[in-house]
Amino acid sequence: MSQSVYEDEWGEVVEDSEADLIEIVWSETTAGMSIEEFNRWLDGFAGLVEKQGRHKVLVDSTLFLMDVLLMDAPWRDTNIIPRYNAAGVKKLAFLMPEGMPLIGAEPAPDGPADFPTAYFGDRDDALAWLAS
């Protein structure tokens, strides 16, 4: 059963204990999000991944509107991914808007991740992969 464990102006974190899943559902308000706010949000989410002990992560980016050119992958690789690894994350799936080039790419570890990351255009496909 799914339940909200955190919500603010940028999005919501939902967990499903039966599916061993924790999910970010981004809001379109992210259009005004700064890199500092984004990094702070990811840091908080990593804390929830650690606390809740879920091993599957879904990031619903269908309404995520922050300029992706602002993202700091080296910061994420240093400050977030090791925490996911330590928490025992087994799979990470991104639900993306239609037409994104990574949709359907072979799942593979991203950066220093010990787990595969996959990109989907359909929620049911993402959930099926996470459950497999």
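The values are calculated or read from the model by the stated rules, or taken from the named source; none is laboratory data. Treat the numbers as computed from the prediction; the structure is a model and nothing was measured. Using ideal geometry, Cβ is built from the backbone for each residue, glycine included, and neighbour counts are taken over all protein chains shown. Surface accessibility is based on the protein's heavy atoms, side chains included, excluding ligands, DNA and RNA. Shrake-Rupley method; radii C 1.70, N 1.55, O 1.52, S 1.80 Å.
Shape class of the stretch 91-132 from the alpha-carbon gyration tensor: oblate, with a/c at 1.5 or above and b/c at least as large as a/b.
Here the stretch 9-33 and the stretch 80-128 have alpha carbon centers that stand 15 Å from each other. By the compact-protein rule of thumb, 2.2 N^0.38 Å, the alpha-carbon radius of gyration of the stretch 64-103 corresponds to a ratio of 1.40. In the full protein context, the stretch 41-132 carries 52 Å² of accessible surface per residue, based on a 1.4 Å probe and ignoring ligands, DNA and RNA. As a ratio to 2.2 N^0.38 Å, the alpha-carbon radius of gyration for the chain is 0.97. Our helix-only sum for the chain, with -39,500 (n - 2.57) per DSSP H run of n ≥ 4 divided by its residues, gives a mean residue ellipticity at 222 nm of -9000 deg cm²/dmol. Accessible surface comparison of E15, E98, E9, probe 1.4 Å, protein chains only, largest first: the order is E98, E9, E15. Only protein atoms count toward the accessible area here, which uses a 1.4 Å probe; on the stretch 1-87, the carbon and sulfur part of that area reaches 52 percent. Annotation: the antiparallel percentage among DSSP beta bridges lying fully within the chain is about 50. Taking the alpha carbon gyration tensor of the stretch 54-132, multiplying each eigenvalue by 5 and rooting it gives semi-axes of 19, 17, 10 Å, largest first. Can you give the local net charge around G111? Use residues other than it whose beta-carbon is closer than 14 angstrom to its beta-carbon, Lys and Arg +1, Asp and Glu -1. After counting each charged neighbour, the total is -2. Sequence-distant contacts, meaning Cα pairs under 8 Å at least 6 residues apart, place the relative contact order of the chain at 20 percent. A cut-off under 12 angstrom between Cβ atoms defines the neighbours of M1, and their net charge, with Lys, Arg +1 and Asp, Glu -1, is -3. Full extension of the chain segment joining E106 with A31 gains 24.1 nm, where the gain is 0.36 nm per residue of separation less the Cα-Cα distance. Around E18, what is the net charge, scoring Lys/Arg as +1 and Asp/Glu as -1 over all other residues with Cβ under 14 Å from its Cβ? With Lys, Arg at +1 and Asp, Glu at -1, the neighbours total -2.
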